[in-house]
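Only the coordinates and a few stated rules stand behind these numbers; no lab work does. All values reported here derive from a predicted model rather than from experimental measurement. In this analysis, Cβ positions are derived from the backbone assuming ideal geometry, glycine residues included, and neighbour counts consider all displayed protein chains.
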Amino acid sequence: MNEQEDSGDVTDEMPELSELDDEVWCDWDDDDQSGEQLQVRCLFCERLFSSAQDTFSHCTVEHQFDITQTVHKYGLDCYGYIKLVNFIRITNPSAESFKSILGQVPWDKEEYMKPSSVDDPLLQFDVDEIWERMEGQPCLSEQVDGGSQAQAAHFRCLQGAEKRAEDAEAAVERIMGDFEKMRQYVQDFVINADARTGTSTTNTVADLREDEDSVYFSSYGHYGIHEEMLKDKVRTESYRDFMYCNPHIFKDKVILDVGCGTGILSMFAAKAGAKHVIGVDQSEIIYQAMDIVRENELDGVVTLIRGRIEDVDLPVDKVDIIISEWMGYFLLFESMLDSVIYARDKYLIEDGAVYPDICTISLVAVGDSKKHDERVAFWDDVYGFKMSCMKKAVIPEAVVEVLNPDTLISELCVIKTIDCNTVGISDLDFTSEFSLKITEDHECVAISGHFDILFEKNCSNKVTFSTGPRSTETHWKQTVFLLEQPVSVKKGDVLQGKIACCKNRKDPRSLIITISINNTKQTYSLQ
């Protein structure tokens, strides 16, 4: 989809406002001639007009916002039109911002049914007039004997409400039916799993497929997550320094920001000299990002689109640079790198670049006996009772926390290096041997993982940051894998092991990690 198409340029198929002047607006305007002079305020400025016709004509000429095209493009009924008008009155968007809306429209919320002013004349306008005149059908108001235009509009809204109620009731019935089928399905599996397959009930239930996408993207609509990320100075200032200190990479380039969130990286890129920045995000935070971009007067450079990068159509065929803050716990949790790889393969020019470009995952041995006692040994004696079976539930849960660097008892070992410009999705499931050189006599009670990020390609000023326990704390912290049985080690020893990391087959955004040390194997989940 090109930019012209996105702006709703369908004038070849639809009549101009001038052609509708005498037909669409005349009846509505006539209703108000008997009273005092109308004062209809423009949708985008403070100009006042004496009719809806003049108001909408002004919006078309002065603000390039054509109500006819907008109604047609988004298929607005009377409810949709009312929400649109109230959305504009309440949020004060620029007319230009409507060209960058793709996917779900920002005014489709019940809160916009409540007007900012009950006396707004534009709320009385009957949007069905546009549809009926374009289709060459008689107005519904002409079919209602003795009915006024307002009564006809009200009748149409009631018809729409009844239809929506019927559709909603049918949808609820379908959902409840599906839910009952799933409940019975799960119950049958739980009751009969052991008898049928010999596998544990826990494993059988865990094998039921769940779609986590809606929950995942919904979580990023909460402001607290974005506040935490923005306040992470290591993260945010590293991206800023990379762009501001390497403006030659961004000057006059087209940039794609995958998972743009509040738009901070998109705005960094714009300030670094980019010609056009396209930010894509599936969560509702994109609407705040649009306001943020406008507030900083960057809407002429930054275009924001709501949707999954795999589903949306960009206003360009190719981009020069892809930027993204895709990293999760243990680097690969959340699997957002998959989306970056998709965007790279589809949109990046041949000699373009993805940033950050190099990422590494490292392991280190932990000798914090107190931590092991609190989380593992605790279950051996709970107020005089043995609860050692609880270890089987506690240990497989990887712990995300900040480690005290004084508890580290080995040198680091890099187990995985990722080049974002060449990596494939299949490379993200991996197995690696590791060797941890012990630095002091102790008991190894856990293995900790973290990642380092590098901005290197074509950079005259390279930028790096680490999420390791010896570096400044970040919101990613460290990922700790507790051992059920501590391993005694001495300074100079080399603790040999093997780690396997893969996506959870039933929840691809989570990870399954298996660590083997001293002929013992433990599987962990990160979810």
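Observations on the structure shown:
- When each of E473, E334, E401 is scored by the number of other beta-carbon atoms lying within 10 Å, the sequence from fewest to most is E401, E473, E334.
- Cα-based Lys pair tally, the range 215-325, threshold under 23 Å, eight or more apart or on separate chains: 10
- For K391, K370, order by how many other beta-carbon atoms lie within 10 Å, fewest first: K370, K391
- Peptides 335-348, 509-522 ranked from most to least packed give 335-348, 509-522, packing being the mean of other C-beta atoms within 10 angstrom over each peptide's residues.
- Inter-label distance for Y342 and K392, nm, one decimal - labels placed 7 Å from Cα along Cα-to-Cβ: 3.9
- Charge dipole (debye, nearest 20) of the range 358-526; +1 at Cβ of Lys and Arg, -1 at Cβ of Asp and Glu: 460
- Set of lysines near K109 by C-alpha distance (under 21 Å), chain-local residues within fewer than 8 positions excluded: K73, K83, K99, K163
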